[in-house]
Structures are given as C-alpha cells and as structure tokens.
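What follows is a single structure, written as structure tokens, with notes after it.
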Amino acid sequence: MKNRNNQEKNTYVRQHILSALLELMRTQDFASISIQTLVNAAGVGRASFYRNFASKEDVLQQESVRLTDAWKAEFEQAHPDGTPQQGNEWLISLLDFYKEHAAFYLALYHAGLSDIVLETILDYFDRAPETPNALAYLNSAVGYMIYGWIQEWMRRGMQESGTELARMLAESQKT
C-alpha cells in the first residue's frame with residue numbers, strides 16, 4: 001500500500017471496511033459488532049476507520065448513496081431527455097437495481113437498518129425548501145410509497161424482478 005496515493009489508500013480502506021462489515025453482519029447482530037472487531041476484520045487501523053466514517057451506520061449509508069448515485073448516473077445517461085413516462089421504465093430500472101444489489105439491501109433489512117434505504121430513496125425526490133409545497137408533498141408521498149413496496153419486497157426475500165413488481169403495481173392501480 002506504500003506506493004498508492006491517498007485516494008487509492010482511502011478507497012482500499014473503505015472497500016475493506018465495507019466488506020468486513022457485511023461479512024460480520026452475516027454472523028453477528030449489528031449492534032454487537034464493535035469498531036475494534038470491524039477494523040480487525042478489515043485489517044485496517046481505527047484511525048483509518050474514523051478518517052472515512054463517523055460510525056458503522058455511516059459505512060452502510062455511504063455505500064447506499066454510492067450505489068444509488070451509480071444507478072442514477074446510468075439511468076440518466078440512458079435517458080438524457082428526462083425520466084420516461086411510459087411503461088414505468090424508471091421504476092423498473094430502480095427495482096432491478098435493488099434486485100441486482102439484493103445482498104447489500106437484504107443485509108440492511110435484516111440488521112434493522114432499512115431506514116437507510118428510505119433516506120436514499122427520499123433524497124432522489126426534490127423536497128428542497130424552495131420546492132413548492134404541493135410538489136414536495138407529492139414527491140415525499142411517492143418516495144414513501146416506493147419505500148413501502150421495497151420494504152415489503154425485502155421482507156419477502158426480493159423474489160420478483162423489477163418488471164414483475166412494476167406489473168403488480170400497475171395491476172393494483174386498476175382495481
């Protein structure tokens with residue numbers, strides 16, 4: 001690691017801490033995982049941990065944001081003129097993304113940390129103070145609705161694809 005620049009070192013540390021935390025979460029209750037146990041499992045020092053993260057939850061929050069940002073960038077590149085309105089393409093893309101990263105999101109769910117998912121979903125929708133109230137309320141409602149679907153989907157093991165879930169949602173709107 002001596003020949004790496006600071007950014008490469010931080011990336012290395014961050015990846016090892018995330019991997020170690022997810023591995024520990026498979027066998028231990030999240031609350032019982034100490035920072036010392038985590039850094040030992042990751043093979044990094046406590047100072048490296050605190051240089052990159054404020055807490056164990058922050059490790060997972062930052063990964064959720066990183067993943068969601070990667071999905072947004074990919075989706076926006078595929079749809080440069082804005083979100084397509086037909087066929088729930090946006091929703092299917094989001095749900096397929098969660099399915100692709102099911103191991104991470106199910107780890108959050110089983111650790112009782114699915115509020116991290118909620119925050120990253122809500123952050124996608126414009127709810128800034130300057131947003132007109134009606135639009136902010138609508139965006140918030142849509143975000144919570146999507147989170148509700150994802151929360152129940154995680155509870156049931158994320159069996160369906162994004163296409164299947166979007167079809168179910170469309171069918172439920174017909175009744």
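Just checking, does the range 41-51 include any residue being under 19 Å from HIS110 (Cα atoms), touching a residue at least 24 places away in the same chain (Cβ under 8 Å) and assigned to a helix (DSSP H, G or I)? Checked the range 41-51: no residue is under 19 Å from HIS110 (Cα atoms), touching a residue at least 24 places away in the same chain (Cβ under 8 Å) and assigned to a helix (DSSP H, G or I).
Checking each residue of the range 82-97 against the condition of being out of contact with any Phe, Trp or Tyr (no Cβ under 9 Å at 6 or more places or on another chain), assigned by TED's automatic domain parsing to the domain that holds THR68, of a type in the set (Gly, Ala, Ser) and within 26 Å of LEU60 (Cβ to Cβ) gives no match.
Being assigned by TED's automatic domain parsing to the domain that holds SER93, under 19 Å from THR68 (Cα atoms) and at pLDDT 90 or above is a condition met by at least one residue of the range 131-139.
Mind telling me which of the residues GLU74, GLU63 ends up being farther than 22 Å from TYR109 by Cα and in the same structural domain as ASP96 (by TED's automatic domain parsing)?
Numbers: GLU63 fails: farther than 22 Å from TYR109 by Cα.
None of the other options fit; the residue is GLU74.
VAL59 falls short of the stated requirement of being of a type outside the set (Phe, Trp, Tyr) and surrounded by fewer than 17 Cβ atoms within 10 Å (Cβ to Cβ). Among the residues of the range 152-172, those identified as modelled with pLDDT of 90 or more and surrounded by 16 or more Cβ atoms within 10 Å (Cβ to Cβ) are TRP153, MET154, MET158. Looking at the structure I just gave you, is GLU119 in contact (Cβ under 8 Å) with a residue 12 or more places away in the chain, among the acidic types (Asp, Glu) and within 25 Å of LEU21 (Cα to Cα)? Here the answer is yes, as GLU119 does meet what is asked.
The values are calculated or read from the model by the stated rules, or taken from the named source; none is laboratory data. Quantities reported herein were computed from a predicted structural model and do not represent experimental measurements. Note: ideal-geometry Cβ built from the backbone for every residue, glycine included; neighbour counts use all protein chains shown.
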